[in-house]
Amino acid sequence: MFCGFAAALWLAGAESPTKLVTVAVSPFVISFMMVLGAFVSRWSLPALILGTSGTFSDIRKVPHLIVWGVMAGCLWAIGNTLTVFAVRDIGLSIAFPLWNANSLIAIIWGTLLFKELHRAGWLRWLGVVGGALVMFVGAVLLSLVSNSHSASEHALRGVAAALGAGLMFGSQYIPFRKAYITGLNPLTFLTFFTFGEMTTMTIVAVTFTGGLSPFLHDLAQNSNILFWPLLGGFMWVVGDLFQNYAAKYVGISRGVPLSNTNQLWGLVWATMVFGELYGAGWNIYAKVVGGSLLMALGALAIAFSSATPDEYTSWKEAAKRESDLYGIEPSYVLAHMEGTNEEVTRARRTWVDWLLIVLASCIFVGFGAMARAPHMHVQWAWLVALTAAMLVVLVAGGMMLWRITRFD
């Protein structure tokens, strides 16, 4: 539960660099640099937290999940690119809740494919289905606001991009849950994930900018702001790790909606830090805030419909199906599902891990040395306050995960 809320705070912060599209930077440059930051971070953070020895051990036990991890990365890269277009066309405060329709997709896949909510009882079903309907109403309200009052000439395109991103983000949880129903460590799965997202994003960026040479020219031309979306990629990885631990231990039908309370934090970033709705009438504020609150209340209704022992039995049946299908040792599945795997506590960092950490640090320092603050109006007091909140949650969440699961 705590990981879900922590994910919300960090995922919201990670989207703030997409505001750079308002200073005439190509969406493909922004998205590519975010994915590059995520790629670097998803290799270096596991090396820093536990070391990569556990990753290679997991590969030997469940090699089939490499393909699923790459597939999830491909879906995420496409979704992330669509979010940048959505922010450009309809703004962060409106686009954010719309792509959080991925909660609905995650609930559908979790129920149909992984026996989540099976034997859960009618109260749990009411909480999840009722919450999903409330979220849908909130999304519709926000889309109507964007079409009626957005200054953009492409409001419909922005709504379509945001909803398309939600479809991609929701579908990526099929590979996620397939991995976690067998107990795979999120640190390991997200390492595979990086190859799919980096490869797909590179192909998309090069193709839609007219070739490799124009794309490299765009990167060079905007070298002084590339650090900020790179940093956004790092922040996304931190939030994604929290979200994946939530998905592993409470399922995607609950973990994803819980982390999607990031829309409220996104609203705070958009309105308080960037002044996005400054000058709008009270009716616009009422509709945007009302729609966001409806979606958040729906997400909370889903999240607090906690799983019953009978539902956990259904989860174990789904896990047994996976272990029988791929020939995985039942003891491996059980130990990882419960966060009691002893191999994690024996993990040690090697020179390879320290090399990854040093290389990642050099990449961030190098881009940081070239960075210049973009010419944007920012409320620095709110920016500092939100950053401090993120750091507090990071420390608290990290300590909790270590104490309970040793980051398994």
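With an 8 Å cut-off on Cα pairs and a minimum separation of 6 or more residues, tell me the relative contact order of the chain in percent. Mind dumping the intermediate values first?
Values: 685 pairs, mean separation 142.0, N = 408.
Relative contact order comes out at 35 percent.
Subtracting the Cα-Cα distance from 0.36 nm times the residue separation, let me have the gained length for Lys320 to Val358 in nm, one decimal.
9.6 nm
Quick one: pull the percentage of alpha-carbon pairs in segment 347-408 with a separation above 17 Å.
69 percent
If you take the charge dipole of the chain about its Cα centre, with +1 on Lys and Arg Cβ and -1 on Asp and Glu Cβ, which of Ala132, Ala95, Phe407 is farthest toward its positive end?
In the chain, that residue is Phe407.
From zero outward in steps of 10 Å, how is the percent of C-alpha pairs of segment 1-117 spread across the bins?
Going from the shortest bin to the longest, the percentages are 11, 32, 37, 18, 2.
Distance between Cα centroids, segment 186-203 to segment 25-68: provide it in whole Å.
Here the answer is 5 Å between Cα centres.
After finding the eigenvalues of the alpha carbon gyration tensor for segment 88-131, what semi-axes result from the square roots of 5 times each, listed largest first in whole Å?
29, 12, 4
Of the residues Val288, Val358, Val238, which exhibits the maximal mean-square fluctuation in a Gaussian network model of the chain defined by a 10 Å Cα contact cut-off?
Sorting by GNM fluctuation, first place goes to Val358.
Order these peptides, 264-270, 309-315, by their mean beta-carbon neighbour count within 10 angstrom, highest first.
My ranking of the peptides, most packed first, is 264-270, 309-315.
Need the C-alpha centroid separation for segment 350-408 versus segment 263-318, integer Å.
Cα centroid of segment 350-408 versus Cα centroid of segment 263-318: 24 Å apart.
Which of the DSSP-defined H helices in the chain satisfy a minimum axial length of 27 Å, computed from C-alpha atoms, and a minimum mean Kyte-Doolittle hydropathy of 1.0?
27-49, 65-90, 122-149, 186-208, 282-303, 351-370, 380-405
Label-point separation (nm) for Arg60 and Ala389, each offset 7 Å from Cα along Cα-to-Cβ?
Placing both labels 7 Å beyond Cα along the Cβ direction yields 4.5 nm.
Using Cα springs under 10 Å in a Gaussian network model of the chain, which residue among Leu98, Leu258, Leu48 shows the largest mean-square fluctuation?
Of Leu98, Leu258, Leu48, the most mobile in the Gaussian network model is Leu48.
Less than 18 Å apart at the alpha-carbon level, and either on another chain or at least 8 residues along: which lysines does that give for Lys178?
Lys61, Lys115, Lys248, Lys316, Lys320
Can you work out the accessible area per residue across segment 198-294, with the rest of the protein chains kept in place, probe 1.4 Å, in square angstrom?
Accessible area per residue: 37 Å².
For the chain, set up a GNM with springs between Cα atoms under 10 Å and report which of Gly232, Gly211, Gly51 has the largest fluctuation.
Gly211
What's the carbon and sulfur percent of the chain's accessible surface, probe 1.4 angstrom, rounded to a whole number? Intermediate values should be presented prior to the final figure.
On the way: 12120 of 16740 Å².
Carbon and sulfur: 72 percent of the exposed surface of the chain.
Beyond 16 Å, how much of the Cα-Cα pair distribution for segment 291-408 remains, as a whole percent? Please report the intermediate quantities before stating the final value.
On the way: 5625 of 6903 pairs.
Of the Cα pairs, 81 percent sit more than 16 Å apart.
Which loop chymotrypsin sites (Phe, Trp or Tyr not before Pro) in segment 33-112, with loop taken from DSSP, have no more than 14 other Cβ atoms within 10 angstrom of their Cβ? Walk me through the numbers on the way to the answer.
Numbers: sites: Phe39, Trp43, Phe56, Trp68, Trp76, Phe85, Trp99, Trp109; in loops: none.
When the chymotrypsin sites (Phe, Trp or Tyr not before Pro) of segment 33-112 are filtered for loop state and at most 14 Cβ neighbours within 10 Å, nothing remains.
Can you put Thr209, Thr350, Thr194 in order of accessible area, largest first, using a 1.4 Å probe?
Of Thr209, Thr350, Thr194, the descending order of accessible area is Thr350, Thr209, Thr194.
If you line up the Cα atoms of segment 241-342 on their principal axes, what length do they span on each, largest first, in Å?
61, 26, 22
Taking DSSP loops as anything outside H, G, I, E and B, show the longest stretch in the chain free of trypsin sites (Lys or Arg not before Pro) there with at most 10 other beta carbons within 10 Å.
Longest site-free region, per DSSP loop and neighbour criteria: 1-345.
Under the √(5λ) rule applied to the eigenvalues of the Cα gyration tensor, what semi-axes describe the equivalent ellipsoid of the chain? Give them in Å, descending.
32, 27, 18
The values are calculated or read from the model by the stated rules, or taken from the named source; none is laboratory data. In this text, all values refer to a predicted model and were calculated from it rather than measured experimentally. Positions of Cβ are generated from backbone atoms using ideal geometry, with glycine treated the same way; all protein chains shown enter the neighbour counts. With ligands, DNA and RNA removed, areas are computed over all heavy atoms of the protein, side chains included. Shrake-Rupley method; radii C 1.70, N 1.55, O 1.52, S 1.80 Å.
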